[in-house]
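The values are calculated or read from the model by the stated rules, or taken from the named source; none is laboratory data. All values reported here derive from a predicted model rather than from experimental measurement. No Cβ is skipped: glycine too gets one built from the backbone with ideal geometry, and neighbour counts run over all protein chains shown. Keep in mind that these areas ignore ligands, DNA and RNA; they rest on the heavy atoms of the full protein, side chains included. Shrake-Rupley method; radii C 1.70, N 1.55, O 1.52, S 1.80 Å.
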Amino acid sequence: MSDIKQRLRAYWYCTQRLDKLYDKYHAIRARAEKMTPAYSLAPGGGSGDMADTVAMVVQLEHDYQDELRQLRDTMKEVEAIISSLDDYRMRVIMEDRYIHFEKWEQIAVDRHYSYRYVIELHGMALKILGEK
């Protein structure tokens, strides 16, 4: 059962990682856009720094897109796991918990269930998913 929980919790990790990648990408891109070419009369110019920065931005963008695809695949996998539940009550609780990151108390209030019933449905869902 802990294996399935770990797979479901991967969704949270993916959202956190996406935020960090987004911030890093835009920070480097903003830095690169502020650069201006430096010209020199010496052979070879003085544009090495700019060329290096552009190459770094291009590589970062490529890496960003690769990791973005991997993270999205993981997120889709979690969504598919949850969608495989036949009982809509379990599906909604699992979505609220693992995709929307809601607390147990909030799920119970939103769904008009008791706290104990939410925990019980969650346990049954984990058991079903662990057997698939």
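Laid out as a table, the results:
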| read-out | value |
| --- | --- |
| Solvent-accessible area per residue, Å², over the chain with all protein chains present [probe radius 1.4 Å] | 69 |
| Those chymotrypsin sites (Phe, Trp or Tyr not before Pro) in segment 69-132 that DSSP places in a loop and that have at most 14 other beta carbons within 10 Å | F101 |
| Per-residue [θ]222 nm for the chain (sum of -39500 (n - 2.57) over DSSP H runs n ≥ 4, rounded to 500) | -27500 deg cm²/dmol |
| The chain: Cα Rg divided by the 2.2 N^0.38 Å rule of thumb | 1.63 |
| Cα-projected label distance for S84 with R116, points at 7 Å along beta-carbon direction, nm | 3.1 |
| Under 28 Å between alpha carbons - lysine pairs in the chain that sit 8 or more apart or on different chains | 15 |
| Rough spin-label spacing in nm, given labels placed 7 Å along Cα→Cβ, for W12 and E102 | 1.6 |
